[in-house]
Structures are given as structure tokens and as C-alpha cells.
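Below you'll find the structure, written out as C-alpha cells, and then a few comments.
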Amino acid sequence: MCGIAGLIYRDGARNIGAEMTAMLQALKHRGPDSTGFAMYGAPGPNEYIMRFKVAEKEDLGGGTKIHRAIVERKAAVDAVLNDLGVVVLELDEPTEYAIRYRISFDGDLKTLADQIEEVEGAEILSIGNALELIKDLGDAADVSGAYSLGGFTGTHGIGHTRMATESDVDIRSAHPYWAYPYNDIAVVHNGQITNYWLKRRQLEREGQRFVSDCDSELLAVYTAVNLEKGISLEESLRKSIDEIDGVFTYLITTGNELGMAKDTMAAKPMVLYEADDLVALASEEVAIRAIVPHEIDTSDPYDEEVRVWQA
């Protein structure tokens, strides 16, 4: 079933960490297995936030061997950063297996991402000038608390609550998905893409790389490739309705935009609230009411509807 949510402020940064947590916690019944956030803060010049993991949460029960491997993997990542001339400005380890770096880097993001992913057991969740992508097992309150997201200040974000149906309950299978290795592009999605493998192989032949077998990741990479070609986000969303088969509703974010698209059948729910300063969307109105408690008017986007908002 799963639940998706997003918000964007059009007049400056807010405490979107607390608000996204409240929205996703309200959707816990749609997906209790894992929760993910993709949020956009204030970028610094030539700075990136890199979040990655060096193990799965459930690996920690493997005794001293896995803990030793985690230490070795972290050291190997540090060696990669040093070899590439990356300047580490800030290091945070919210859990034993998850690491957040704020770095200064003027090189190629793909080279950086590829070399880190060559470290056995390392998996990048996101690299972004403004984007921070956090996902883990548990509900929104658990994940937000573990990663200290309650005070995150930014302009926009999206999130996902997952009910595992076709793959394992692990961080790798949790959403959102970053568009590897593109800056600041992430997606959350509710539905199923039936021509996933066909579209994925087309993109792979063009040199794109996928880090999972989740159909949601396709939407992120598909969008990133379109944007790289000079196609606007709105045009990319409209193209996706014609080129992506299946039943889907998805939210996509860039450094300063939030976009939404529904397929032709519009079978997957989405509720929209729009005010002068705030746009909020979610699978159910209860999530919007978690952050806008006064009386509100909402709407249900129609089939093939595409919307884009600017931060």
C-alpha cells in the first residue's frame, strides 16, 4: 500500500524535519516497515552533503565480525575521499552503520560515487548540494529520532512509508531513491511500473547505473536524464505519463522544485493542499492535517495531472 508525502514552502525555510515527521507518522498505517525522508536545506558554495551506509541494520547481530567490517569500510571510504582531494568539513554518525559527511569538492560526482561504491559493503544514499536523504527501518518517529531530524530546516521535502510486499525489509529497499549520481534529485512513488525492465535497460544502454531493483528508482534516473538534456521538470513529468506504463502517483524533487504526476488511471491516491506560502501533498488528508490543523480545503488531483511548485 505505502504512503507518500511532500511539502514545499514558497517563502523561505521552515522546520520541515518536524513537519515531514508528523506527516509520515500520520501515514504509518500505510507502511510500518521502513520510513524515508528526502529534505532540502541551505546549500553552501562548493559544498555537498553525502549520506551513505556501510551495513544493514539487521547485520549488527552478526557478532564482532560485522562490527570490525564496519570499521574497515569506514576507513576505506575515508581513504577514497583523501585520494580524490575531498575536504571533510563535518562528520556525523547517527548510527553505527550510517554516516553523514559535509564535504567540499569541485570534482566529478560520478567519479566520487563510483569509487565509494567500490568499497565492499558501502552504499551511497545521496550526494547533494541541498539534498539529504535518510531512510531506515521503523516508523517516522523512530527514524526521525535516531537521525535527529526534528530540527531540520529547509524549504521542501518528500517522504515515504513502506509496506514491504515484493522485497526484503531493509534499508536498501526503503524509499526515497536518489538519482545516482545526479545532484539533488530524489523520488517517492506509490504504485507499480509495468515496463520497468524495458525502460531500465534503455537507460543502462545509455550509460546510466541503478543501485537497486526497485521500480521507483527508475523514475528518479529517468527524470535526471531528462533534466540533463535540458527538458524542464514539468515537461519530464508529462513525458513520463506517456512513456512509463503502470499505475502510479509520484513526487519528485530537485534543488528548488517539487513536482507531482499521476498516471492515466489515477488509481493511486493523492490529496493536495495549497496556500500562499505552503503546498502539501500526501496519500491521505490525515497527513496534511498533521501540520495544518485548522480547517482546510483540499483537492484530489485528477488523472494525468502534472504540477510543479518552486521553492
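The values are calculated or read from the model by the stated rules, or taken from the named source; none is laboratory data. Treat the numbers as computed from the prediction; the structure is a model and nothing was measured. Please note: Cβ atoms are built from the backbone with ideal geometry, for glycine as well, and neighbour counts cover all protein chains shown.
Selection of the stretch 145-166 for residues being outside any loop (DSSP other than H, G, I, E, B) and within 27 Å of Glu204 (Cα to Cα) yields Ile158, Gly159, His160, Arg162.
So, restricting to strands (runs of 3 or more DSSP E) that lie completely within the stretch 224-297, which ones have at least 2 residues that are hydroxyl-bearing (Ser, Thr, Tyr) and buried (at least 16 other Cβ atoms within 10 Å of the Cβ)?
Per the criteria, 246-253.
Looking across the stretch 210-221 at every residue that is closer than 19 Å to Asp114 by Cα and free of Cβ contacts under 8 Å to residues at least 40 places away in the same chain, the one that is surrounded by the most Cβ atoms within 10 Å (Cβ to Cβ) is identified as Leu218. Restricting attention to the stretch 158-184, the residues that are more than 23 Å from Met265 (Cβ to Cβ), of a type in the set (Val, Ile, Thr) and surrounded by fewer than 19 Cβ atoms within 10 Å (Cβ to Cβ) add up to 1. Within the stretch 198-213, the set of residues being within 25 Å of Lys268 (Cα to Cα), modelled with pLDDT of 95 or more and either in a loop (DSSP other than H, G, I, E, B) or within 21 Å of the chain's Cα centre (by Cα) (or both) comprises Lys199, Arg200.
If you go through the stretch 247-259 and pick out every residue that is under 14 Å from the mean Cα position of the chain (by Cα), farther than 15 Å from Asp215 by Cα and not β-branched (Val, Ile, Thr), you end up with 4. The single condition among (1) under 18 Å from the mean Cα position of the chain (by Cα); (2) under 21 Å from Asp184 (Cα atoms); (3) buried (at least 18 other Cβ atoms within 10 Å of the Cβ) that Asp33 does not meet is (2).
Which one is nearest to Asn129 (Cα to Cα) among residues in the stretch 76-103 that are under 20 Å from the mean Cα position of the chain (by Cα) and without any contact (Cβ under 8 Å) to a residue 12 or more places away in the chain? Among residues in the stretch 76-103 that are under 20 Å from the mean Cα position of the chain (by Cα) and without any contact (Cβ under 8 Å) to a residue 12 or more places away in the chain, the one nearest to Asn129 (Cα to Cα) is Asp92.
Residue count for the stretch 255-297, restricted to those that are modelled with pLDDT of 95 or more and of a type in the set (Ser, Thr, Tyr): 2.
Residues checked against (1) surrounded by fewer than 20 Cβ atoms within 10 Å (Cβ to Cβ); (2) of a type in the set (A, V, I, L, M); (3) farther than 30 Å from Gly17 by Cβ:
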| residue | (1), (2), (3) |
| --- | --- |
| Glu72 | yes, no, yes |
| Val88 | yes, yes, no |
| Leu91 | yes, yes, no |
| Glu118 | yes, no, yes |
| Ile134 | no, yes, no |
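Looking across the stretch 59-97, the residues that are under 30 Å from Asp33 (Cα atoms) and touching a Leu at 6+ places or on another chain (Cβ under 8 Å) come down to Ile66, His67, Glu96, Tyr97.
With the structure loaded, tell me whether Ala130 is surrounded by fewer than 24 Cβ atoms within 10 Å (Cβ to Cβ) and over 11 Å from the mean Cα position of the chain (by Cα) or whether it fails that test. The answer is yes for Ala130. Checked against (1) modelled with pLDDT of 95 or more; (2) touching a Pro at 6+ places or on another chain (Cβ under 7 Å); (3) over 18 Å from Tyr147 (Cβ atoms), Val88 passes all but condition (2). Within the stretch 167-184, can one find any residue that is free of Cβ contacts under 8 Å to residues at least 40 places away in the same chain and part of a loop (DSSP other than H, G, I, E, B)? Within the stretch 167-184, one or more residues are free of Cβ contacts under 8 Å to residues at least 40 places away in the same chain and part of a loop (DSSP other than H, G, I, E, B). Within the stretch 114-142, the residues that satisfy the criterion of being assigned to a loop (DSSP other than H, G, I, E, B) and charged (D, E, K, R) are Glu118, Glu120, Asp139. If the condition is being touching a residue at least 12 places away in the same chain (Cβ under 8 Å) and either surrounded by fewer than 19 Cβ atoms within 10 Å (Cβ to Cβ) or more than 22 Å from Ala267 (Cβ to Cβ) (or both), then the stretch 185-197 contributes Ile185, Ala186, Gln192, Thr194, Asn195.
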